[in-house]
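A quick write-up on the structure given underneath.
The values are calculated or read from the model by the stated rules, or taken from the named source; none is laboratory data. All of these numbers come straight from a predicted model, not from anything done at the bench. No Cβ is skipped: glycine too gets one built from the backbone with ideal geometry, and neighbour counts run over all protein chains shown. The accessibility values were calculated without ligands, DNA or RNA, using every heavy atom of the protein model including side chains. Shrake-Rupley method; radii C 1.70, N 1.55, O 1.52, S 1.80 Å.
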Amino acid sequence: QVQLVESGGGLVQAGGSLRLSCAYSGTTFSLMAWHRQAPGKQRELVASITRGGNTNYADFVKGRVTISRDAFKNTVYLQMNGLTPEDPAVYYCIGNQISTMKTFWGQGTQVTVSS
């Protein structure tokens, strides 16, 4: 059974930091990414990372966010610094299954920023 379980969300003051984690099991993923969706807005890509470690970031988080993956722990991280009132959303971890390229989603973790 393929699972992606996010954790690490919560309430933080503007300017603060959070580290989101996504523990996955049941398969091997090639590309993994974090997306987010704020109320009333479309889901958007935050950052992605390939199995080889190549990363890509949305313009709105460049310089504030770092995505990383630990193959031994089967975990992907999203380190977010300098959080702003524009960052609150449900953050989702996704992975593209290496054998089928099917995309799997986690259940999401809520990030809230107080001003």
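Looking at the range 15-69, what strands (runs of 3 or more DSSP E) fall wholly within it and have at least 2 residues that are under 13 Å from Val111 (Cβ atoms) and open to solvent by 20 Å² or more (accessible area, probe 1.4 Å)?
Numbers: elements: 18-25, 29-37, 44-49, 55-57.
Qualifying strands (runs of 3 or more DSSP E): 18-25, 29-37.
Within the range 1-14, restricting attention to residues that are touching a residue at least 60 places away in the same chain (Cβ under 8 Å) and in a loop (DSSP other than H, G, I, E, B), which residue is surrounded by the most Cβ atoms within 10 Å (Cβ to Cβ)?
Among residues in the range 1-14 that are touching a residue at least 60 places away in the same chain (Cβ under 8 Å) and in a loop (DSSP other than H, G, I, E, B), the one surrounded by the most Cβ atoms within 10 Å (Cβ to Cβ) is Gly9.
Six or more apart or on different chains, Cβ atoms under 9 Å: show the pairs whose first residue is in the range 85-106 and farther than 13 Å from Leu20 by Cα and whose second is among the hydroxyl-bearing types (Ser, Thr, Tyr) and open to solvent by 80 Å² or more (accessible area, probe 1.4 Å).
As it stands, the answer is Pro85/Ser115, since those pairs meet every condition given.
Condition first: loosely packed, with under 13 Cβ neighbours inside 10 Å, out of contact with any Asp or Glu (no Cβ under 8 Å at 6 or more places or on another chain) and at pLDDT 95 or above. Can you find one or more residues in the range 73-83 that meet it? Break it down into steps so the answer makes sense when it comes.
Kept after step one, since they are loosely packed, with under 13 Cβ neighbours inside 10 Å, are these residues of the range 73-83: 73.
From the residues that got through so far, the ones that are out of contact with any Asp or Glu (no Cβ under 8 Å at 6 or more places or on another chain) too are 73.
From what's left, at pLDDT 95 or above: 73.
Yes, the range 73-83 has at least one match.
Does any residue of the range 59-69 turn out to be under 27 Å from Gly26 (Cβ atoms) and of a type in the set (Phe, Trp, Tyr)?
No: the range 59-69 contains no residue that is under 27 Å from Gly26 (Cβ atoms) and of a type in the set (Phe, Trp, Tyr).
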